[in-house]
Amino acid sequence: DAKTTQPPSMDCAEGRAANLPCNHSTISGNEYVYWYRQIHSQGPQYIIHGLKNNETNEMASLIITEDRKSSTLILPHATLRDTAVYYCIVRDSGSARQLTFGSGTQLTVLP
Amino acid sequence: NAGVTQTPKFQVLKTGQSMTLQCAQDMNHEYMSWYRQDPGMGLRLIHYSVGAGITDQGEVPNGYNVSRSTTEDFPLRLLSAAPSQTSVYFCASRLTLVTDTQYFGPGTRLTVL
């Protein structure tokens with residue numbers, strides 16, 4: 001699986017959009033980008049995933065660059081409950097390989 | 001659905017003791033797995049199972065055993081606890097090995113003295 005690079009921490013004001021970047025310059029053509037988050041002391045929670053088109057669901061939007069070497073997770077109106085560690089993971093969809101969690105980005109939403 | 005449940009939430013062991021961490025899911029998921037998470041680090045895969053009667057090793061299997069006698073349950077056994085096994089343990093499941101969305105349990109915080 002391609003390696004991902006994320007900033008260790010970010011702050012965001014409550015009510016504003018939180019934009020979390022992820023670099024995956026070695027991503028291959030059949031690898032998807034997944035985002036999970038982990039709120040303190042809880043199990044990780046799936047957020048969204050995509051291949052090359054931008055994706056949106058009730059939790060977030062995922063913007064993938066045209067060359068697919070980086071992506072951005074957008075939480076459109078961050079709340080205090082969005083404070084968590086956010087993990088960007090690259091993996092073959094349908095692959096037998098496991099999810100590999102790195103260190104992620106600690107997002108702190110400030111009141 | 002209760003989703004993925006884990007017991008106990010907290011456990012303290014002495015070095016050399018054995019114990020079993022319980023994990024159950026009620027979503028009829030084929031695939032289940034165990035991760036450990038050490039302070040400030042990401043999750044590391046211990047063991048996983050693609051169905052009843054089938055298990056395999058992950059990244060850090062030493063010191064742990066698993067079995068999968070039913071679809072619902074996937075217990076993790078510590079054979080002889082060591083301080084290096086102090087960690088938070090998460091159980092996870094997904095519908096099949098190749099399904100995208102993985103569901104995690106609330107975790108078991110284990111301290112080995």
*Are any of the residues in the range A:99-110 surrounded by fewer than 19 Cβ atoms within 10 Å (Cβ to Cβ), over 13 Å from the mean Cα position of the chain (by Cα), more than 10 Å from every other protein chain (Cβ to nearest Cβ) and over 18 Å from residue A:27 (Cβ atoms)?*
yes
_Here is a list: B:92, B:81. Which entry is within 12 Å of chain A (Cβ to nearest Cβ) and either exposed (fewer than 14 other Cβ atoms within 10 Å of the Cβ) or touching a residue at least 24 places away in the same chain (Cβ under 8 Å) (or both)?_
B:92
*Might you let me know whether the range B:39-61 holds any residue that is free of Cβ contacts under 8 Å to residues at least 12 places away in the same chain, more than 8 Å from chain A (Cβ to nearest Cβ) and out of contact with any Ser or Thr (no Cβ under 9 Å at 6 or more places or on another chain)?*
yes
*Mind checking which residues of the range A:10-39 are closer than 16 Å to residue A:110 by Cβ, open to solvent by 80 Å² or more (accessible area, probe 1.4 Å) and out of contact with any helix residue (DSSP H, G or I) (no Cβ under 8 Å at 6 or more places or on another chain)?*
A:11, A:16
*the range B:95-113: number of residues that are out of contact with any Leu (no Cβ under 9 Å at 6 or more places or on another chain), over 16 Å from residue B:6 (Cβ atoms) and within 11 Å of chain A (Cβ to nearest Cβ)*: 5
*Those residues that are within 14 Å of the chain's Cα centre (by Cα), open to solvent by 30 Å² or more (accessible area, probe 1.4 Å) and either closer than 13 Å to residue B:94 by Cβ or β-branched (Val, Ile, Thr) (or both), I need them from the range B:22-64; list them, please.*
B:48, B:50, B:55, B:60
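May I ask you to verify whether residue B:80 is more than 17 Å from residue B:31 (Cα to Cα), modelled with pLDDT of 95 or more and in a loop (DSSP other than H, G, I, E, B)?
Yes.
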*Verdict on residue B:74 being facing chain A (nearest Cβ under 8 Å), under 17 Å from residue B:56 (Cα atoms) and among the aromatic types (Phe, Trp, Tyr)*: no
*Lone unmet requirement of (1) within 14 Å of chain B (Cβ to nearest Cβ); (2) crowded, with 19+ Cβ neighbours inside 10 Å; (3) out of contact with any Pro (no Cβ under 9 Å at 6 or more places or on another chain) for residue A:92*: (2)
*Any idea which residue in the range A:73-84 is most open to solvent (accessible area, probe 1.4 Å), counting only those that are in contact with a Ser or Thr (Cβ under 8 Å, 6 or more places away or on another chain) and under 24 Å from residue A:51 (Cβ atoms)?*
A:76
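The values are calculated or read from the model by the stated rules, or taken from the named source; none is laboratory data. Model, not experiment: these values are computed from the prediction. Quick reminder, even Gly has a Cβ in these numbers, built from the backbone with ideal geometry, and neighbours come from all protein chains shown. Areas reflect the complete protein model, heavy atoms only, side chains present, ligands, DNA and RNA absent. Shrake-Rupley method; radii C 1.70, N 1.55, O 1.52, S 1.80 Å.
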